[in-house]
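Where a number appears in this text, it was derived from the coordinates with a stated rule and is not lab data. In this text, all values refer to a predicted model and were calculated from it rather than measured experimentally. Heads up, the Cβs are rebuilt from the backbone with ideal geometry, glycines too, and the neighbour counts pull from every protein chain shown.
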Amino acid sequence: MEKDKRYHCARQSKYWQQLQKLAMRSWSLASLFEKDDTRAARFSTQAGSLYMDYSKQCVDEEVLVSLLGLADSCDLSERIDALMQGAMVNTSESRAALHTALRLPETASLQVDDQDVVSDVHYSLAQVARMSERIRSGTWRGFSGKAVTDVVNIGVGGSDLGPLMAKTALDEWADTSVNVHFVSNMDGTQLDNLLKYLKPETTLFIISSKSFGTVDTLSNAKTALSWLLATAKLRSGTEDSVLRRHFIGISANNEKMNAWGIHPEHQLQLWDWVGGRFSLWSAIGLAIAVRIGMAGFKELLSGAHNMDTHFAEADFADNIPVLLGLLAVWNSTFLQVNAHTVLPYDGRLSYLPSYLTQLEMESNGKSVTLHGERIDYDTCPILWGEIGSNAQHAFYQLLHQGTQQVSCDFIACVRRYDGPLKNTSLQQQHELSLANCLAQSRVLAFGNRAVADGKVDTGVVTDKCKFYRGNQPSTTLLIDELTPYSLGSLIALYEHKVYVMASIWDVNPFDQWGVEMGKQMADSVHHAMQHERKGRFDKSTEQLLQHIKQLS
């Protein structure tokens, strides 16, 4: 594996200085469109079933050329090749980040440190196929001999958000009566609500944890085991039969799975080079495969691989992940637009904003470079989002008339409800949703100057409460239709966007050291809760601990 590869830093290039100067202009989206009738056509591109219109971003040809120059100045092509070939791109942990290998076809070839990566990946996928089919077919039986009816995925972070988001988006492809549930919250609320109506004899738990040491996940798993054992004792079941028939483990740590009691035949492999937030393509996607079948899961992988190929081969000027990443850098670093919202106009994508919140902010929420130098420019913006139609009645007020600049991604599917069971009423609702998507991006861009029939109102708004300033930059992504394949492409698009941003900012998007300190401190605080020890923490924490103990 390649060691300590030092790429050129975009911060030192002439294009960085050019963009700083360009950012000082007074940007007006209305003026940009007035001056150029071809703007929409020139600032849009397509990859497979994904069409991207970025003409409502505050860019012109000069900015675009400088951004593309910035990409070249940091050796982005080499960085992309390093990612795909298994080089040590995760420098702080001295490992590759080979999530792209998880969706390579079986005929591909990739050797990393004498490891046949493709062979290992497809061996694991074959295990996923066998296990998911046993569950779906009813041949997986609980300790009392009854078939499994419910599967509960216990995980947190990427081991929860990825499969939860994909399963929710693709649930109309479900072809099984087996229900799939997700539990992540440490306080037990989700699990408690589930256990009230699930049946122990027919419930199977998937424990998804790369380290198999995450306290959130293991605390839920321990409670699930206790729940099962309480019923098993009444039915003459044993702890061994409960562990063997009701738990699957997915981890890179086989020793800890063995110690916990996961039967070796029910352990699925992860690798150190798979980051949690990039792992839904691996065995972590077992819950998805259970719900939509292995054929559907492989379509998801195929769509992602198609985007990988586009990312690796397309010219940067037409490369959707590259352009999306460069625009994000332009907004955050140069225009100081430090908030970004994701607005899918499709209820099936309800968990996509949460998924992308983790993907982007955990990856690029960094303040030091790859070589440990303090950063003097803005990196990852604060990201959030919601289904667009819901968001219109929640935080769009801030987008339209607040004091903050916010960049937006509008995401919508063009075709829906037009299959063999065509539903005219639902089609009309879908068209209304699409109309709202286009209308909102238009008003955000042009404010009060956006009026019907493409005309521009140059008059003065006398009622200042009804003034819309516009000039909020946005990108619109249209998907032909939502399928496992197109969803795979969409998710991979955002993965690669993250890598492009990280490459420009010269940060490592594959570690998350900022998460670790809080975990370590929690152990100390928890220990203090259970023992009378004072003076170990700051005065505020000590006071809060004492208040908790008084009420306990």
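Rank the residues Glu362, Glu495, Glu516 as a footprinting-exposure proxy: fewest other Cβ atoms within 10 Å of their Cβ go first. Write down the numbers at each step before the final one.
Values: Glu362 22, Glu495 27, Glu516 10.
Ascending number of Cβ neighbours within 10 Å: Glu516, Glu362, Glu495.
Going highest first, how would you order 466-473, 112-119 by mean Cβ packing within 10 Å?
Working: 466-473: 17.9, 112-119: 14.5.
Descending mean neighbour count gives 466-473, 112-119.
Compute the helix-to-body angle for 61-73: its Cα long axis versus the longest principal axis of the chain, expressed 0 to 90° and rounded to tens.
Helix 61-73 sits at roughly 40 degrees to that axis.
Taking the Cβ of Ser109 as the centre, find all other residues whose Cβ is under 14 Å away and add up their charges (Lys, Arg: +1; Asp, Glu: -1). List each step's numbers first, then the result.
Details: positive: none; negative: Glu106, Asp114, Asp116, Asp120.
After counting each charged neighbour, the total is -4.
Holding the Cα-Cα limit at 30 Å, pick out from Lys56/Lys167; Lys222/Lys519; Lys298/Lys497; Lys298/Lys366; Lys14/Lys210; Lys14/Lys35 the pairs that are longer than that.
Values: Lys56/Lys167 32 Å; Lys222/Lys519 19 Å; Lys298/Lys497 23 Å; Lys298/Lys366 34 Å; Lys14/Lys210 42 Å; Lys14/Lys35 28 Å.
Exceeds cut-off: Lys56/Lys167; Lys298/Lys366; Lys14/Lys210.
When the expected Rg is taken as 2.2 N^0.38 Å, what fraction or multiple of it is the alpha-carbon Rg of the range 155-248? List each step's numbers first, then the result.
Details: Rg = 13.8 Å, N = 94, 2.2 N^0.38 = 12.4 Å.
Dividing the Cα radius of gyration by 2.2 N^0.38 Å gives 1.12.
Going toward the positive end of the dipole of the chain, with +1 on Lys and Arg Cβ and -1 on Asp and Glu Cβ, which of Leu300, Phe446, Ile206 do you reach last?
Positive-end residue among those listed: Ile206.
Which of Ala82, Tyr54, Leu280 sits farthest toward the positive end of the charge dipole of the chain, with +1 on the Cβ of Lys and Arg and -1 on the Cβ of Asp and Glu?
Checking the options against the dipole of the chain, the answer is Leu280.
Based on the Cα atoms of the range 90-183, what semi-axes does the equivalent ellipsoid have, where each is the square root of 5 times one gyration tensor eigenvalue, given in whole Å with the largest first? Could the numbers behind the result be given before it?
Details: eigenvalues 182, 62, 36 Å².
One finds semi-axes of 30, 18, 13 Å for the range 90-183.
Please compute the Cα-Cα pair-distance distribution of the range 110-288 with 5 Å bins starting at 0, giving whole percents from short to long.
1, 8, 18, 22, 23, 16, 8, 3, 1, 0, 0
In whole percent, what relative contact order does the chain give with Cα contacts below 8 Å and a gap of six or more residues? Don't skip to the answer; put the middle values down first.
Values: 911 pairs, mean separation 103.1, N = 552.
With pairs under 8 Å counted, the relative contact order is 19 percent.
Take the Cα atoms of the range 262-308, find their three principal axes, and give me the spread along each one in whole Å, biggest first.
35, 25, 14
Output the peptides 34-42, 52-60, 166-174 sorted from most to least packed, where packing is the average of other Cβ atoms within 10 Å over each peptide's residues.
Numbers: 34-42: 11.8, 52-60: 22.7, 166-174: 19.7.
Those peptides, ordered most packed to least, come out 52-60, 166-174, 34-42.
Which value in deg cm²/dmol, rounded to the nearest 500, describes the helix-derived mean residue ellipticity at 222 nm for the chain, given -39,500 (n - 2.57) per DSSP H run of n ≥ 4 and division by the residue count? Provide the component values of the computation, followed by the final result.
On the way: 20 runs with 255 residues, N = 552.
Rounded to the nearest 500, the figure is -14500 deg cm²/dmol.
For Ser489, what charge total do you get from the other residues with a beta carbon under 13 Å from its beta carbon, if Lys and Arg give +1 and Asp and Glu give -1? Could the numbers behind the result be given before it?
Numbers: positive: Arg103, Lys497; negative: Glu299, Asp308, Asp480, Glu481, Glu495.
Summing Lys and Arg as +1 and Asp and Glu as -1 gives -3.
Taking neighbour counts of Cβ atoms within 10 Å as a proxy for exposure, in what order, fewest first, do Ser49, Ser332, Ser219 appear?
Working: Ser49 19, Ser332 23, Ser219 15.
Lowest to highest Cβ neighbour count: Ser219, Ser49, Ser332.
With only Lys, Arg, Asp and Glu charged, each at its Cβ (+1 for the first two, -1 for the last two), find how big the charge dipole of the chain is about the Cα centre; round to the nearest 20 debye. Before the final figure, lay out the partial values.
Details: 51 positive and 62 negative charges, 328 e Å.
Dipole size: approximately 1580 debye.
Students often check this: by mean Cβ neighbours within 10 Å, which of 481-489, 153-161, 79-87 ranks highest, and how do the rest follow? List each step's numbers first, then the result.
Working: 481-489: 22.1, 153-161: 25.3, 79-87: 19.9.
Peptide ranking by packing, descending: 153-161, 481-489, 79-87.
Cα atoms only, the range 16-168: Rg and Dmax in Å?
Here Rg and the maximum Cα pair distance are 23.8, 73 Å.
What whole-number value in cubic angstrom gives the convex hull volume per residue for the C-alpha atoms of the range 27-101?
Convex hull of Cα atoms, per residue: 132 Å³.
Considering only Asn153, His266, Gly142, whose Cα is most displaced toward the positive end of the charge dipole of the chain, charges sitting on Cβ of Lys, Arg (+1) and Asp, Glu (-1)?
With unit charges placed on the Cβ atoms, the residue in question is Gly142.
Within the chain, what percent of beta bridges assigned by DSSP are antiparallel, to the nearest 5? It would help to have the intermediate numbers written out before the result.
On the way: 14 of 46 bridges.
The answer is about 30 percent antiparallel.
Under the definition of Cα pairs under 8 Å and six or more residues apart, what whole-number percent is the relative contact order of the range 110-288?
On the way: 283 pairs, mean separation 49.4, N = 179.
That works out to 28 percent.
What is the order of Lys222, Lys196, Lys366, fewest Cβ neighbours within 10 Å to most?
Working: Lys222 11, Lys196 7, Lys366 21.
Ranking Lys222, Lys196, Lys366 by Cβ neighbours within 10 Å, fewest first, gives Lys196, Lys222, Lys366.
Rounded to the nearest Å, what's the spacing between the alpha carbon centres of the range 474-505 and the range 248-308? Just the number, please.
A separation of 21 Å, based on Cα centres.
Can you tell me the 0 to 90 degree angle between the C-alpha axis of helix 76-85 and the longest principal axis of the chain, rounded to 10?
20 degrees
Quick one: helix 158-169 against the long Cα principal axis of the chain, what's the angle to the nearest 10°, folded into 0 to 90?
Tilt relative to the chain: about 70 degrees.
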